[in-house]
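The values are calculated or read from the model by the stated rules, or taken from the named source; none is laboratory data. Please read all numbers here as calculations on a predicted model, not as lab measurements. When we count neighbours, we look across all protein chains shown, and the Cβ atoms used for this are built from the backbone with ideal geometry, even at glycine. Side chains are part of the model used for accessible areas, which takes the heavy atoms of the whole protein and leaves out ligands, DNA and RNA. Shrake-Rupley method; radii C 1.70, N 1.55, O 1.52, S 1.80 Å.
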Amino acid sequence: MKTENKEILLRMENIEKTFPGVRALDDVSLTVRAGTVHALMGENGAGKSTLMKCLFGVYGKDSGKIYLEGREVSFRNSKDALENGVAMVHQELNQALKRSVMDNMWLGRFPKISRFLPLTSEKKMYDSTKKLFDYLGIAIDPETIMGTLSVSRRQMVEIAKAVSYDSKIIVFDEPTSSLTDKETEQLFRIIAMLRDRGCGIIYISHKMEEILKISDEITIMRDGKHVKTVSAKEITMDEIIRLMVGRELTNRYPSKSHEIGREWLHVENLSSQYANLRDVSFTARKGEIVGVAGLDGSGRTELLENIFGISARRNGTITLDGREVKNKNPRESIKNGFALLTEERRATGIFGILDIRENTVISSLGRYMAGPFLSKKRMTEHTKWSIDAMRIKTPSQETKIRTLSGGNQQKVILGRWLLTEPDILLLDEPTRGIDVGAKYEIYQLILELAAKGKTVIMVSSEMPELLGVCDRIIVMSGGRKAGEVDAKTTTQEEIMSLATKYA
Ligand SMILES: Nc1ncnc2c1ncn2[C@@H]1O[C@H](COP(=O)(O)OP(=O)(O)OP(=O)(O)O)[C@@H](O)[C@H]1O
Ligand SMILES: [Mg+2]
């Protein structure tokens, strides 16, 4: 059956939403049909999450109407939405980390043993969680403490939870930004199953390939407005990008012109105490951008964290400009001229109650001292640089960071580390969650740093990004270095075959 003929499940009409200083949604309408996947696309801050939060009852809309199966609805909160057949996997995880997986699954709706004995039945919780996980193919023990799971596993629990409500509409807001490739495939299988059951799926992502692979229809938003809704079969990637960005984006990678200098960083036989990092050695030059490729779990993140002193080192030495540095902990590493942008910056890098300027300067406060005081002028100048360079979408520097869109929060944290002017910049997935237009700007900043003689070491799971930005690429496999390739002459195939060497 053609998509247009399928029954309309959800209709959002003329939705408006304004926050102080921001018109987040300006007359946006959206129609989702039963048994289809509807992708929502747009730059960071375009209003995707806000539209979904208005549906889900997290935000009250200023005006507009929402119809679910023809009936007008207006959910007061997420509980209300869930009880009426709308579930959502949020962009940011919000879980009780000290409690078990099954507690998290059942939070707010604990099963009772009987109507007359209002106690929570552990057994019921366990059994039903186990049954659902088995059905979805998720291998997690329901009794595991949430906080001991990796972020990607926690995300899978969140997905299972959304599915467990047996909803008609399920919203996925950037579900794959922290999933491994395998888990992503698993999610796509789950989504296909839900679609075949007649659910309407709303899917938000910045990963183009994903969108074209799984969606039936695509709605593109820009600056809080609806731009276009098209059938996924009738549109190309370039066309989507043009509609999202509002201009032609001819190159996805800036041209390189930086000069590579003398040997600067030397890492020798690095092994971790507890994790699987074994005998990794490499060198990096001044002004060089070194990529780190590998499959999930190959030790890429581990390598950066070990260099930075986050995880315990069993043996190995790090030499910077001929002088050994210990980097026993992050503080010492920062003093030695290293900076690390972590993969999970939303969980670990953001000070939600502080504003954008405070979040920007917080790691280099020393630079802003004027006598015993902090120089507001200098802090303001630097924050302005960061906002302009990455086109961070915010009403002002005094805006609380937690009110920014997910992608814009990421940019603020990246700006923070760029401002520390490190000699060695370690970047873990620097463009995750960032829209295509802004990615280009971030690549440009990375290249500028290299041109200034800084060394950049960058982990990425996007191969084209490594090939487009780096000078040289180290390939990790099973915790070891499987090889090293020249980004100019290598191919994706060569990198892939190295990546599976010890896997
Ligand atoms: N609680 C809030 N208070 C103030 N402004 C907000 C709030 N939530 C969102 N905004 C603003 O609304 C606009 C749209 O944000 P939204 O989170 O919907 O973007 P998005 O399309 O989901 O972007 P991303 O791809 O980065 O996640 C942004 O300018 C954002 O700063
Ligand atoms: Mg969002």
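Scanning segment 1-27 for residues that are more than 14 Å from ligand 2 (Cβ to nearest atom) and among the β-branched types (V, I, T) gives T3, I8, I15, T18. Identification of strands (runs of 3 or more DSSP E) wholly contained in segment 20-133 with 3 or more residues that are in contact (Cβ under 8 Å) with a residue 24 or more places away in the chain and farther than 18 Å from M156 by Cα yields 22-33, 36-41, 63-68.
Conditions tested, residue by residue: (1) within 16 Å of ligand 1 (Cβ to nearest atom); (2) touching a Ser or Thr at 6+ places or on another chain (Cβ under 6 Å); (3) within 26 Å of S205 (Cβ to Cβ).
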| position | (1), (2), (3) |
| --- | --- |
| G437 | yes, no, yes |
| Q444 | no, no, yes |
| L449 | no, no, no |
| T455 | no, no, no |
| S460 | no, no, yes |
| E465 | no, no, yes |
| G468 | no, no, yes |
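Checking each residue in segment 1-31 for being open to solvent by 40 Å² or more (accessible area, probe 1.4 Å) and of a type in the set (A, V, I, L, M) picks out M1, I8, V22. Any chance you could count how many residues in segment 29-47 are within 14 Å of ligand 2 (Cβ to nearest atom) and either in contact with a helix residue (DSSP H, G or I) (Cβ under 9 Å, 6 or more places away or on another chain) or not assigned by TED's automatic domain parsing to the domain that holds V89 (or both)? Adding up the residues that qualify gives 8.
From the residues in segment 239-255 that are assigned to a loop (DSSP other than H, G, I, E, B) and open to solvent by 80 Å² or more (accessible area, probe 1.4 Å), which one is modelled with the highest pLDDT? Among them, the one singled out is S255. K377 falls short on exactly one of the conditions (1) of a type outside the set (A, V, I, L, M, F, W, C); (2) away from ligand 2 (no atom under 16 Å from the Cβ); (3) in contact (Cβ under 8 Å) with a residue 12 or more places away in the chain, and that condition is (3).
To keep it simple, each residue is scored yes or no on (1) assigned by TED's automatic domain parsing to the domain that holds A87; (2) closer than 24 Å to K124 by Cβ; (3) within 19 Å of the chain's Cα centre (by Cα); (4) in a strand (DSSP E or B).
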{"position": "Q155", "(1), (2), (3), (4)": "yes, no, yes, no"}
{"position": "I159", "(1), (2), (3), (4)": "yes, yes, yes, no"}
{"position": "L187", "(1), (2), (3), (4)": "yes, no, yes, no"}
{"position": "R195", "(1), (2), (3), (4)": "yes, no, no, no"}
{"position": "I202", "(1), (2), (3), (4)": "yes, no, yes, yes"}
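Residues in segment 367-392 that are at positive phi and open to solvent by less than 90 Å² (accessible area, probe 1.4 Å): G371 only. If you check I334, I307 for being in a helix (DSSP H, G or I), touching a helix residue (DSSP H, G or I) at 6+ places or on another chain (Cβ under 8 Å) and surrounded by 22 or more Cβ atoms within 10 Å (Cβ to Cβ), only one passes: I307.
Within segment 457-503, restricting attention to residues that are under 21 Å from the mean Cα position of the chain (by Cα) and among the charged types (D, E, K, R), the residue that is least open to solvent (accessible area, probe 1.4 Å) is E465. The set of residues in segment 296-320 being among the aliphatic types (A, V, I, L, M) and under 17 Å from A284 (Cβ atoms) consists of L303, L304, I307, I318, L320.
Restricting A312, A284 to residues that are surrounded by fewer than 18 Cβ atoms within 10 Å (Cβ to Cβ) and either touching a Phe, Trp or Tyr at 6+ places or on another chain (Cβ under 7 Å) or within 27 Å of Q444 (Cβ to Cβ) (or both) narrows the list to A312. If the condition is being within 15 Å of the chain's Cα centre (by Cα) and assigned to a loop (DSSP other than H, G, I, E, B), then segment 382-440 contributes L404, S405, E429, P430, T431, R432, G433, I434, D435.
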